[in-house]
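Below is one structure, written out as structure tokens; comments come after it.
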Amino acid sequence: MTKVSTLTSFLVASVVCAMPGAALAHTGVGGTTGFGAGFAHPVGGADHLLAMVAVGLWAAQMGGRARWIVPGVFVGVMVLAGALGTAGVPVPFVEAGILASVLVLGLLITAAFTFPLAVSALAVAVFAVFHGHAHGTEMPLAIGGFAYSAGFAVATALLHACGIAVGIALDRPGLRNAARAAGGASAAVGLYLTVA
């Protein structure tokens, strides 16, 4: 692949990643549905946004079946944990777990760590519990739970897809360090949010 087509792939992936935010440019105008509120939640905070893109980027670094299994496990466990949060089932250290996910996933990307697929899936499943529980407990009472859950699941899957797209675009000789640098930036933000 030429440098021009690699750059084009990276730019396309970056534009795709910006789309969820663009779709939310007019939230609150007119009727807000449960789906819309759920879709907005994952992209509303840097911690959620970074962690979800990082899951996709890390999955892309691992390659193979990890590209769909790791993000799929995250979304599935997140939805289940969201139901626990909605039901009022307590989960300790939710905020700390969310911040840890940003930091740890960033470090995994920076170091380009690869684990057996089951271990990688388990790692993201643990983080998904914290993210999902937060989504569930923060659901507005007046909004339908199923539509809200579908919204945050779709937004999360899109953010994972953005991370995968960027990871694939950067999986070229001379560009792999850019993916690792993105992981480092995510870890730095996670550290900042932890101590701030």
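Couple of notes before you dig in:
Condition check ((1) without any contact (Cβ under 8 Å) to a residue 60 or more places away in the chain; (2) closer than 26 Å to residue 145 by Cα; (3) touching a strand residue (DSSP E or B) at 6+ places or on another chain (Cβ under 9 Å); (4) of a type outside the set (Lys, Arg)) across all residues:
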| position | (1), (2), (3), (4) |
| --- | --- |
| 36 | no, yes, no, yes |
| 41 | no, yes, no, yes |
| 55 | no, yes, no, yes |
| 58 | no, no, no, yes |
| 89 | yes, yes, no, yes |
| 95 | yes, yes, no, yes |
| 99 | no, yes, no, yes |
| 108 | no, no, no, yes |
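- Subset of the range 85-102 that is assigned to a helix (DSSP H, G or I) and in contact with a helix residue (DSSP H, G or I) (Cβ under 6 Å, 6 or more places away or on another chain) - its residue that is modelled with the lowest pLDDT: 86
- Selection within the range 160-177 - assigned to a helix (DSSP H, G or I) and either basic (Lys, Arg) or within 26 Å of residue 121 (Cβ to Cβ) (or both): 160, 161, 162, 163, 164, 165, 166, 167, 168, 169, 176
- Residues that are in contact with a Gly (Cβ under 8 Å, 6 or more places away or on another chain) and not polar (S, T, N, Q) within the range 52-78 comprise 52, 53, 54, 55, 56, 57, 58, 59, 60, 71, 77, 78, listed in sequence order.
- Residue check for residue 147: at pLDDT below 95, of a type in the set (A, V, I, L, M) and surrounded by 23 or more Cβ atoms within 10 Å (Cβ to Cβ): no
The values are calculated or read from the model by the stated rules, or taken from the named source; none is laboratory data. These numbers were taken from a predicted model, which means no experiment stands behind them. Here Cβ is always computed from backbone atoms with ideal geometry, including for glycine, and neighbour counts include all displayed protein chains.
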